Amino acid sequence: MRLTRYFLPVLKETPSEAQIVSHRYMLRAGMIKQATAGIYSWLPLGFKVLRKIEDIVHQEQIRAGHIPMLMPTIQSADLWRESGRYDDYGQEMLRIRDRHDRDMLFTPTAEELITDIFRGHVSSYRDLPLTMYQIQWKFRDEIRPRFGVMRGREFLMKDGYNFDLTKEDALHAYNRHLVSYLRTYERMGLQAIPMRADSGPIGGDDTHEFLVLADTGESEVFYDSAITDLKFGDRDIDYDDKAQCQAVLEEFTSRYARTDETHEEALFNQIPEDRRRIARGIEVGQIFYFGTKYSEPLNAKVQDADGNEVAVHMGSHGIGVSRLLGAIIEASHDDKGIIWPEGVTPFHVGIINLRQGDGGTDAACEGLEKALEAKGLEPLYDDRDERAGGKFATMDLIGLPWRITVGPRGLKNGVVEVTSRRTGESEEMTAEAAVDRIAQIYGV
Ligand code: 5CA
């Protein structure tokens, strides 16, 4: 992509309304624009990262055996009256009336609708287990939308729902989600720690939130620092294997890690003092097991092997897809801008032409662009007629993890410069070697 043909409305000034670094950088890098309080347009650069995050979420859900689908954002109030949540949800629910005076709402979550789909089509235990999920926009009329995409009113969520015959099977679904989330967040360059939490309006007994540690996080958290040494890494998990999933869950949840809602001082104090941590975190996901809380009132039942009608055991499992952009930036930036982890970067590498209009540098940049594209990579070529300082500042702000700089002096010696955004280290090499290096980094 050529920068002169792209839409990247970078801001020079720091917007005064942005209180935290991720919000500031997302506005300054031309990733989002507020449409109205807590509601954002996703400009091309922001949209690209959003899609990358969605892709990872899809891949990891499918790997775990979960089935993608899509439900509408606007739903009838009737189902929510059946479950009893129409009144319980309170002011956070955006209520809408259609031309026939029927009560509608913009979905804040979708337990009711998925349960309705299930009860309409599934009647036998033979069709279980079943887990379906969607990545869809949600609306919650938050009292204080703030921090940009972190606490929006409209936001993108992955919400998944499991249906199982027994509590044991449903707990396996819970464990499977926990394991798949560990892998999902690590692929985005994040350490998200599962912490025992409170279930809030979704309900249920068992729930863990996934928290990314950050000073700007909205949640206060208490944990044993030994937890931060745990890495999921490249484990090959058989998601159907109950014992294997259970073992990973135990490994990652056996140490003390709780949000303020579930914190117990006495237990916390049993951790050796040098490992006790009180910090802040960003909640990027939450998993719930709530048994028959929705299947009973909504009559979602199946026949078991003995012919008895039994309510199915359920759970729901969310990932804050749009919030993740903010969380990743909070976890990975410096005073010049964002530093994207390779897994989610909007473009794989930036190309900077130090002398735009010079036949030699122009040709070298175009050659690099083509060679990288031929490898299936997406470079962003800054071909603006601007001074070098401005080009470097833009590239640093938008945070592409790698940069290739092309200037007449280097070309005279047959080299370009490859620079890591994270370390700032540069290395000179031929253009061909630069392409190979970038391809190797991304494993293509
Ligand atoms: N039905 C369940 C799971 S599918 C559910 O709604 N869970 S939730 O309420 O915990 O939301 C899931 C995730 O969405 C949260 O962990 C958080 O990362 C994200 N989220 C929740 N509210 C907002 C918001 N106002 N802005 C951005 N992300 C949000």
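Could you list all residues from segment 320-343 that are within 16 Å of the ligand (Cβ to nearest atom) and surrounded by 22 or more Cβ atoms within 10 Å (Cβ to Cβ)?
As a first pass, look at segment 320-343 and keep what is within 16 Å of the ligand (Cβ to nearest atom): 320-331.
Scanning segment 320-343 gives 320, 321, 322, 323, 324, 325, 326, 327, 328, 329, 330.
Among the listed residues 209, 186, 220, which satisfies the condition of being in contact (Cβ under 8 Å) with a residue 24 or more places away in the chain and near the ligand (Cβ under 9 Å from one of its atoms)? Write out each step before concluding.
Numbers: 186 fails: near the ligand (Cβ under 9 Å from one of its atoms); 220 fails: near the ligand (Cβ under 9 Å from one of its atoms).
Sole residue among the options that is in contact (Cβ under 8 Å) with a residue 24 or more places away in the chain and near the ligand (Cβ under 9 Å from one of its atoms): 209.
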Quick one: residue 428 ticks every box in (1) open to solvent by 10 Å² or more (accessible area, probe 1.4 Å); (2) over 30 Å from residue 22 (Cα atoms); (3) in a helix (DSSP H, G or I) bar one, so which box is it? (3)
From 371, 433, residue being open to solvent by 30 Å² or more (accessible area, probe 1.4 Å) and farther than 21 Å from residue 355 by Cβ: 433
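How many of the residues in segment 88-110 are within 16 Å of the ligand (Cβ to nearest atom), exposed (fewer than 11 other Cβ atoms within 10 Å of the Cβ) and at negative phi? Spell out how you get there, then give the answer.
First pass over segment 88-110, keeping only residues within 16 Å of the ligand (Cβ to nearest atom): 88-94, 105-110.
Adding the requirement that they be exposed (fewer than 11 other Cβ atoms within 10 Å of the Cβ) leaves 90-91.
Next cut, at negative phi only: 91.
Going through segment 88-110 one residue at a time, the tally reaches 1.
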Which of the residues that make up segment 411-444 are in contact with a strand residue (DSSP E or B) (Cβ under 6 Å, 6 or more places away or on another chain) and either within 24 Å of residue 387 (Cβ to Cβ) or acidic (Asp, Glu) (or both)? 415, 416, 417, 418, 419, 426, 427, 428, 431, 434
Identify, by number, the condition in (1) in a helix (DSSP H, G or I); (2) under 26 Å from residue 167 (Cα atoms) that residue 91 doesn't meet. (2)
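For segment 193-202, give me each residue that is near the ligand (Cβ under 10 Å from one of its atoms) and touching a strand residue (DSSP E or B) at 6+ places or on another chain (Cβ under 9 Å). Give the steps one after another, and end with the answer.
Residues of segment 193-202 that are near the ligand (Cβ under 10 Å from one of its atoms), as a first pass: 197, 199-202.
If the condition is that a residue be near the ligand (Cβ under 10 Å from one of its atoms) and touching a strand residue (DSSP E or B) at 6+ places or on another chain (Cβ under 9 Å), then 197, 199, 200, 202 are the ones that fit.
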When segment 335-369 is examined, which residues are found to be of a type in the set (D, E, K, R), in contact (Cβ under 8 Å) with a residue 60 or more places away in the chain and closer than 14 Å to residue 29 by Cα? 336
Looking at residue 277, is it open to solvent by 40 Å² or more (accessible area, probe 1.4 Å) and closer than 10 Å to residue 195 by Cα? no
Count of segment 262-274 residues which are open to solvent by 10 Å² or more (accessible area, probe 1.4 Å), under 30 Å from residue 328 (Cβ atoms) and either more than 16 Å from the ligand (Cβ to nearest atom) or modelled with pLDDT of 95 or more (or both): 3
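Taking the stated definitions as given, is residue 440 of a type outside the set (A, V, I, L, M, F, W, C) and open to solvent by 60 Å² or more (accessible area, probe 1.4 Å)? Break it down into steps so the answer makes sense when it comes.
Numbers: of a type outside the set (A, V, I, L, M, F, W, C): yes; open to solvent by 60 Å² or more (accessible area, probe 1.4 Å): yes.
Considered against the rule, which asks whether it is of a type outside the set (A, V, I, L, M, F, W, C) and open to solvent by 60 Å² or more (accessible area, probe 1.4 Å), residue 440 comes out as yes.
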Which one is most open to solvent (accessible area, probe 1.4 Å), of the residues in segment 146-157 that are more than 7 Å from the ligand (Cβ to nearest atom) and in a loop (DSSP other than H, G, I, E, B)? 147
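In this structure, does residue 223 turn out to be under 20 Å from residue 281 (Cα atoms) and either not in a loop (DSSP other than H, G, I, E, B) or not assigned by TED's automatic domain parsing to the domain that holds residue 40 (or both)?
Details: under 20 Å from residue 281 (Cα atoms): yes; either not in a loop (DSSP other than H, G, I, E, B) or not assigned by TED's automatic domain parsing to the domain that holds residue 40 (or both): yes.
Criteria met by residue 223.
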Working only within segment 134-145, note down all residues that are β-branched (Val, Ile, Thr) and either outside any strand (DSSP E or B) or within 7 Å of the ligand (Cβ to nearest atom) (or both). 143
Number of the condition not met by residue 184 [criteria: (1) at pLDDT 95 or above; (2) open to solvent by 10 Å² or more (accessible area, probe 1.4 Å); (3) in a helix (DSSP H, G or I)]: (2)
Condition broken by residue 50, with the remaining ones in (1) open to solvent by 40 Å² or more (accessible area, probe 1.4 Å); (2) under 30 Å from residue 347 (Cβ atoms) satisfied: (1)
Looking at 291, 281, 315, 326 in this structure, which one is of a type in the set (Gly, Ala, Ser) and at positive phi? 291
Hey, can you tell me all the residues within segment 111-131 that are closer than 16 Å to residue 293 by Cα, among the acidic types (Asp, Glu) and open to solvent by 30 Å² or more (accessible area, probe 1.4 Å)? 116
Inside segment 1-22, can you point out the residues that are in contact with an Asp or Glu (Cβ under 8 Å, 6 or more places away or on another chain) and open to solvent by less than 50 Å² (accessible area, probe 1.4 Å)? 2, 3, 20, 21, 22
Inspect all residues belonging to segment 281-302 and state whether any of them is in contact with a strand residue (DSSP E or B) (Cβ under 9 Å, 6 or more places away or on another chain), of a type in the set (Lys, Arg), away from the ligand (no atom under 16 Å from the Cβ) and open to solvent by 30 Å² or more (accessible area, probe 1.4 Å). yes
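The values are calculated or read from the model by the stated rules, or taken from the named source; none is laboratory data. Since the model is a prediction, treat every value here as computed from it, not as a measurement. In this analysis, Cβ positions are derived from the backbone assuming ideal geometry, glycine residues included, and neighbour counts consider all displayed protein chains. Only protein heavy atoms, including side chains, enter the accessible area calculation; ligands, DNA and RNA are left aside. Shrake-Rupley method; radii C 1.70, N 1.55, O 1.52, S 1.80 Å.
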